[in-house]
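A.B. asks: One structure is given below, represented as structure tokens, and several questions about it will come after.
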Protein chains: 2
Amino acid sequence: MKRRMALTTFLLPAGYHRDSWRRPGSRADELAGLSLMADLARTAERAKLDAVFLGDCVHANSTMRGDIMMNGFYEPISTLSALAALTSKIGLIGTMSTSFTEPYNAARQFAGLDHMSGGRAGWNVVTSRDGFQNFGGSGAPDPEVRYDRAAEHVEVVQKLWDSWHDDAILVDREAGRWLDTDELVPINHSGERFQVAGPINMPRPPQGRPVLVQAGSSSSGIEFGSKIADIIYTAQPRLEGAIDFYGRLKDAVRGHGRDPETVTVLPGIVPVIGRTEAEAHEIAADLSSMIDLDAGRRQVAGDLFLEIDDIDFDEHIPAERFSEDPKMGTRYHIFRSKAVDQGLTLRELIIDRARSTGHMFFVGTAGQAADRMIEWFDAGACDGFNLNAPYNPDGLELICDLLVPELQERGYFREDYEGDTLRDHLGLDRPSA
Amino acid sequence: MKRRMALTTFLLPAGYHRDSWRRPGSRADELAGLSLMADLARTAERAKLDAVFLGDCVHANSTMRGDIMMNGFYEPISTLSALAALTSKIGLIGTMSTSFTEPYNAARQFAGLDHMSGGRAGWNVVTSRDGFQNFGGSGAPDPEVRYDRAAEHVEVVQKLWDSWHDDAILVDREAGRWLDTDELVPINHSGERFQVAGPINMPRPPQGRPVLVQAGSSSSGIEFGSKIADIIYTAQPRLEGAIDFYGRLKDAVRGHGRDPETVTVLPGIVPVIGRTEAEAHEIAADLSSMIDLDAGRRQVAGDLFLEIDDIDFDEHIPAERFSEDPKMGTRYHIFRSKAVDQGLTLRELIIDRARSTGHMFFVGTAGQAADRMIEWFDAGACDGFNLNAPYNPDGLELICDLLVPELQERGYFREDYEGDTLRDHLGLDRPSA
């Protein structure tokens, strides 16, 4: 059978393009409500996508500066659980930080989402760089420290998900035994950071274990993701870099004794789709014209940890202001390379950041976008894509109504769901406890 | 206008009666899924109840012993958010412990539920007696310590809900200003237990502040609830005790400078309703016959902190084994009184515990139940009731289809919703930030 793509989409109230809320067609006055999210999730489900994905941002730092972080408005567990009731097949991936939560609560909430959705939950595990001041801290610990905590956190969560065996529930009315208590096992976890007795207080999730997702692309991130994740998100603007990352990631997966086919690598793509090439370029130009350069300057400065208040928009950021520390993560180095190697001016960097945040940015027809995606897929750069609609809701509709059918016609994406759970969509077995 | 009752119902997968899952009509094989909860919530909304209420139990201790804690199967935020999408008017009250959560997460999750439901969220604030071993602890701290943490936790949550002013959102596409950042205020909370910078990362909840609910009836519990809560749940098996509690609670509310009319006191009632009195008694007898006495013994021992393995079912628990410490809470003293003053045998205590857990237990027709409820309401014992269906789903249907209409006909309960939010249902203003 022909290898097929996995496709997910980022749930973005306004769109991936930072200023897309300014478009007349945006639903900018509904940015915290359910109805908008419901329409987006239903559009994605109509296109048979594997999952919708909700980011998270546990602080309002950017919003306070006027750089509106649209994703932060939606608390993932409440939003995805509401969407669980309004959809029936599509996977529901939510972000939760291991730095700010207790494993017992995280295990329950994703198990709850999995029960509410009949087995469609996914957890995007993040360690967070910002937000510590909302949880008693000052700044973020070093990545190694955060990833150590994350590793133990996830280990505890998985033990809790496994703490009710699958055959624990008897429902024997006659004997008065709803369950076999011998099939519940305390986990008695006692580690460096967590002491958790268990068992969890609910039956095993429908998927056994909800799907784990990871997106850290620093060296610590790759090490962690290759060990635990079923899906890896990554920002890869160029084919060569994507092929290199894909190879390194799959090698790391093998290094952990795991089958690389069970890990789905999904770079993001921001496709501006038009019915004609000219229409696509018009839309892209319209979006670019909306960018608030001052807010963009603050955002670029924040992303790159740089002082750039003295740089004019048409100047270049001096190379010596950048760090070469590999710990800074893939996205940092993408922007560093754009500024230093490709010579983008500050204005160009701001536009680039505003429209794609380091992801592949594409402008053209559905056919052209499909060509590009298939080129990457066939070249061994990915197992599919995370589709980031540049603007919503109509940007997502064009992707789902034009681009996805194009991929289906060419045999690169399935015509319909072939199972009921997110694991089914990804071709993953249900793990035993 | 005639004073009317507030009515909520406990969302119970099997029913309040501990062994009701054994009835042929129970949906015991669906006890963790959405469909059952959705049917119960829709039944309650059809009857125009103010809210459904979901308890919580952050451990499986009882389940491990075979004493199935049906409520614990449902994680409140995920469950109620799914129900938010399937209902349109009814309030959604969920339990969350201040001992096991960070205020920033709690604030976001209840704000999220409030956004998803269009203003129908309520938070039942508990401090937890059990479950600490799942969060790095061994046993529960003293009630004073727990309530001190709870008070500061709730204070931080309320500050966060207020940290976006109501007029922060501009949606000025032309000027590129989605919000007025001056209308977002960091809270910079620095207290004994929590340091939280804020502001929160989402617009103010539709209700301004989701409704606060409290059910602790120990002396610390009354002090705390009278200070913060909009709804007080209480277990009151007898009219005199209920009148006394109601008076003390409202005095305490006044003592905090609050208007006692803004605090709704709701004792629980477990009404076994029949179309005839005989049918009701038949149902009650059927339920009693299902009680597992050995599991009941463990449950009574756990509730009363007693060693009773040596007591035969038809013997009495010796009075000297009970503590008279008022800190033990209302429910403890209810059972102590039943054992010591009323002379219930262990078997009778087990049955009493299994069917009503200290709440008013009633068997009869809808008309008789309405008489009893109106007697309490008119005598100044309460502002309404929390209806605990003894068995589900049909027990709740009888309550909603027979008992509630009886109260409506007599003018004690509204015929339809008169607003959209839980605050509307309770007659509470939306607080300004």
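A.B. asks: For the stretch B:143-154, which positions are crowded, with 16+ Cβ neighbours inside 10 Å and acidic (Asp, Glu)? Please lay out each step first, then the result.
C.D. replies: Taking the stretch B:143-154 first, the residues crowded, with 16+ Cβ neighbours inside 10 Å are B:143, B:146-154.
Residues satisfying the conditions are B:Asp148, B:Glu152.
A.B. asks: Could you list, in sequence order, the residues of the stretch A:298-312 that are more than 25 Å from the chain's Cα centre (by Cα) and either assigned to a helix (DSSP H, G or I) or surrounded by 15 or more Cβ atoms within 10 Å (Cβ to Cβ) (or both)? Walk me through how you get there before you give the answer.
C.D. replies: Taking the stretch A:298-312 first, the residues more than 25 Å from the chain's Cα centre (by Cα) are A:306-312.
Scanning the stretch A:298-312 gives A:Leu306, A:Ile308, A:Ile311.
A.B. asks: Could I ask something else about it? Hey, among the residues in the stretch B:36-57 that are at pLDDT 95 or above and either farther than 20 Å from B:Leu396 by Cα or of a type in the set (D, E, K, R) (or both), which one's surrounded by the fewest Cβ atoms within 10 Å (Cβ to Cβ)?
C.D. replies: B:Arg46
A.B. asks: Taking the stretch A:316-337, which residues are touching a helix residue (DSSP H, G or I) at 6+ places or on another chain (Cβ under 6 Å) and either at pLDDT 90 or above or among the small types (Gly, Ala, Ser) (or both)?
C.D. replies: A:Ile317, A:Ala319
A.B. asks: Just give me the residues in the stretch B:364-397 being aliphatic (A, V, I, L, M), within 15 Å of B:Ala280 (Cα to Cα) and surrounded by 22 or more Cβ atoms within 10 Å (Cβ to Cβ), in sequence order.
C.D. replies: Let us first name the residues in the stretch B:364-397 that are aliphatic (A, V, I, L, M), namely B:366, B:369-370, B:373-374, B:379, B:381, B:387, B:389, B:396.
Add one more test, that the residue is within 15 Å of B:Ala280 (Cα to Cα), and what stays is B:366, B:369-370, B:389, B:396.
Of everything in the stretch B:364-397, those that are aliphatic (A, V, I, L, M), within 15 Å of B:Ala280 (Cα to Cα) and surrounded by 22 or more Cβ atoms within 10 Å (Cβ to Cβ) turn out to be B:Ala369, B:Ala370, B:Ala389, B:Leu396.
A.B. asks: Of all residues in the stretch A:201-248, which are within 14 Å of chain B (Cβ to nearest Cβ), surrounded by 24 or more Cβ atoms within 10 Å (Cβ to Cβ) and out of contact with any Gly (no Cβ under 9 Å at 6 or more places or on another chain)?
C.D. replies: The answer is A:Arg204, and nothing else.
A.B. asks: If you don't mind, there's one more thing I want to ask. With the requirement that a residue be surrounded by fewer than 18 Cβ atoms within 10 Å (Cβ to Cβ) and either among the β-branched types (Val, Ile, Thr) or modelled with pLDDT of 95 or more (or both), what does the stretch A:341-363 give you?
C.D. replies: The first filter runs over the stretch A:341-363 and keeps only residues surrounded by fewer than 18 Cβ atoms within 10 Å (Cβ to Cβ), leaving A:341-343, A:345, A:347-348.
Result: A:Thr345, single match.
A.B. asks: Here's something else I'd like to know. Of all residues in the stretch B:187-200, count the ones that are surrounded by fewer than 24 Cβ atoms within 10 Å (Cβ to Cβ), more than 22 Å from B:Asn124 (Cβ to Cβ) and either in contact with a Leu (Cβ under 7 Å, 6 or more places away or on another chain) or not aliphatic (A, V, I, L, M) (or both).
C.D. replies: 7
A.B. asks: Also, I was wondering about something else. Across the stretch A:222-241, which residue is farthest from A:Asp424 (Cα to Cα) among those that are in a helix (DSSP H, G or I) and of a type in the set (Val, Ile, Thr)?
C.D. replies: Step one: of the stretch A:222-241, the residues in a helix (DSSP H, G or I) are A:222-228, A:239-241.
Still in the list and also of a type in the set (Val, Ile, Thr): A:222, A:228.
Values: A:Ile222: 25, A:Ile228: 18 Å.
Among those that are in a helix (DSSP H, G or I) and of a type in the set (Val, Ile, Thr), it is A:Ile222.
A.B. asks: Which of (1) in a helix (DSSP H, G or I); (2) free of Cβ contacts under 8 Å to residues at least 24 places away in the same chain does B:Phe335 not meet, given it meets every other one?
C.D. replies: (2)
A.B. asks: Every residue in the stretch B:260-287 that is small (Gly, Ala, Ser) and exposed (fewer than 14 other Cβ atoms within 10 Å of the Cβ), please. Explain how you work it out, then say what you get.
C.D. replies: Initially, the stretch B:260-287 is screened for residues small (Gly, Ala, Ser), giving B:268, B:274, B:278, B:280, B:284-285.
Residues satisfying the conditions are B:Ala278, B:Ala285.
A.B. asks: Within the stretch B:104-131, can you find the residues that are over 18 Å from the mean Cα position of the chain (by Cα), more than 26 Å from B:Leu40 (Cβ to Cβ) and more than 9 Å from chain A (Cβ to nearest Cβ)?
C.D. replies: Result: B:Ala107, single match.
A.B. asks: How many residues, within the stretch A:302-332, are under 16 Å from A:Gly221 (Cβ atoms) and either without any contact (Cβ under 8 Å) to a residue 40 or more places away in the chain or of a type in the set (Phe, Trp, Tyr) (or both)?
C.D. replies: Going through the stretch A:302-332 one residue at a time, the tally reaches 2.
A.B. asks: Filter the stretch B:58-77 for residues that are hydrophobic (A, V, I, L, M, F, W, C) and at pLDDT below 90 and give the result.
C.D. replies: Let us first name the residues in the stretch B:58-77 that are hydrophobic (A, V, I, L, M, F, W, C), namely B:58, B:60, B:64, B:68-70, B:73, B:77.
The answer is B:Met64, B:Ile68, B:Met69, B:Met70, B:Phe73.
A.B. asks: Has the stretch A:76-86 got any residue that is touching a strand residue (DSSP E or B) at 6+ places or on another chain (Cβ under 8 Å), within 17 Å of A:Ile231 (Cβ to Cβ) and not acidic (Asp, Glu)?
C.D. replies: yes
A.B. asks: Look at the stretch A:49-71 and say how many of its residues are charged (D, E, K, R) and over 18 Å from the mean Cα position of the chain (by Cα). Talk me through it step by step, then tell me what you get.
C.D. replies: Let us first name the residues in the stretch A:49-71 that are charged (D, E, K, R), namely A:50, A:56, A:65, A:67.
Cutting the leftovers down to over 18 Å from the mean Cα position of the chain (by Cα) gives us A:65, A:67.
Residues meeting the conditions: 2.
A.B. asks: Which members of the stretch A:165-180 meet the condition of being surrounded by fewer than 18 Cβ atoms within 10 Å (Cβ to Cβ), facing chain B (nearest Cβ under 9 Å) and either under 16 Å from B:Pro13 (Cβ atoms) or out of contact with any strand residue (DSSP E or B) (no Cβ under 8 Å at 6 or more places or on another chain) (or both)?
C.D. replies: Correct list: A:Val171, A:Arg173, A:Glu174, A:Gly176.
A.B. asks: Also: Does B:Ala107 satisfy the criteria of being among the small types (Gly, Ala, Ser), modelled with pLDDT of 95 or more, in contact with a helix residue (DSSP H, G or I) (Cβ under 8 Å, 6 or more places away or on another chain) and crowded, with 24+ Cβ neighbours inside 10 Å?
C.D. replies: Details: among the small types (Gly, Ala, Ser): yes; modelled with pLDDT of 95 or more: yes; in contact with a helix residue (DSSP H, G or I) (Cβ under 8 Å, 6 or more places away or on another chain): yes; crowded, with 24+ Cβ neighbours inside 10 Å: yes.
Taking the combined requirement at face value, the residue satisfies it.
A.B. asks: Same structure again: Restricting attention to the stretch A:242-278, report how many residues are touching a residue at least 24 places away in the same chain (Cβ under 8 Å), more than 15 Å from the chain's Cα centre (by Cα) and farther than 24 Å from A:Arg430 by Cα.
C.D. replies: 13
The values are calculated or read from the model by the stated rules, or taken from the named source; none is laboratory data. Small disclaimer: the values here were computed from a predicted structure and weren't measured. Using ideal geometry, Cβ is built from the backbone for each residue, glycine included, and neighbour counts are taken over all protein chains shown.
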